[in-house]
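Read the structure below first, then the notes.
The values are calculated or read from the model by the stated rules, or taken from the named source; none is laboratory data. Quantities reported herein were computed from a predicted structural model and do not represent experimental measurements. Cβ placement follows ideal geometry from the backbone for every residue including glycine, while neighbour counts extend to all protein chains displayed.
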Amino acid sequence: MYRFLLSRQWVILTLVGLVLIPVMIKLGFWQLHRHEHKVAQNQLIASSLAARPVPVTELTAPGRNLPHHDMWRTVTATGTFDTAHEVVVRQRTAADEQSIGYYVLTPLVLRDGRAVLVNRGWISAGNDLTKFPDVPAAPKGKVTVTGRMMADETTAVSGIKDTKGLPARQIMLINSEEQAKRVGRPLLGGYIEQTGPKPPGGKPELVPEPDHDSIGPHMAYAVQWWLFAAAVPVGWVILVRREHRDRVEAAAKEKEAAAAGPDPETPEAADTPEAPEADDTASVPATS
């Protein structure tokens, strides 16, 4: 009674199930790896923020890519802001994660003549995106900046397209190599996300500390995919047993109907009347 499994419908259904199981298992492990990556990153952010501040020159140098393990380290830098080469970074979100505006990026010239880019914070975009916005003035004279060390942004890592032909002094990505061409002096690799001193009036709005508490739903998604994978063979067995039961019941009904014979309520055909019997007595001719 299981010969129905060789039918086209059941062969296709079985093959689809065999394909879905490994795909769902792989998707589960993909979500697990994303969960592990998120946990590891949260631990890195927490430990970096808790580490003692170090001079920026201990972590980076001109042309150096910031190692991932140095991301979010608290650094200090002392110098003078070069507002002549200040730019704004387009399409950046405020602390409310809704308002779109600019990051203010200003080179800080160090004692040795080198410079480091400082993200001084967020400002509103205003109404005219083709003009350089009104930027709160940077502190004059020598200043010591504290902030989080960040790696240069690239399209591959950030997903942000480096659009060309933007208005003057507006950029899409924070990249020390690109800015070094404009500043005309050596720039340390990466940039500082300023946390202190706080600007007067809160403008620009300092970039908030990155979230390192949330782990996201990736682990739940992983378990969900694995449950789906386990449900496929279970569902297949249930469907097979149901199909087998329905076929057995249908065969039993057909057998009972055949054993019972014709339905007595079915009207029979009318009997054919018998032909009248022939008269055996011969006709006697009349005598005169």
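A few remarks follow.
- Leading residue by the ranking (farthest from the chain's Cα centre (by Cα)) among those in the stretch 194-208 that are charged (D, E, K, R) and surrounded by 13 or more Cβ atoms within 10 Å (Cβ to Cβ): Lys203
- Qualifying residue in the stretch 211-233 (condition: within 25 Å of Thr76 (Cα to Cα) and not small (Gly, Ala, Ser)): yes
- Just one residue in the set Met71, Met24 is modelled with pLDDT of 95 or more, surrounded by 18 or more Cβ atoms within 10 Å (Cβ to Cβ) and not basic (Lys, Arg); that residue is Met24.
- Filter result for the condition that a residue is among the hydroxyl-bearing types (Ser, Thr, Tyr) and touching a strand residue (DSSP E or B) at 6+ places or on another chain (Cβ under 7 Å), over Thr163, Thr93, Thr154, Thr130: Thr93
- Among (1) in contact with a helix residue (DSSP H, G or I) (Cβ under 8 Å, 6 or more places away or on another chain); (2) charged (D, E, K, R); (3) not in a loop (DSSP other than H, G, I, E, B) - the single one Glu193 does not satisfy: (1)
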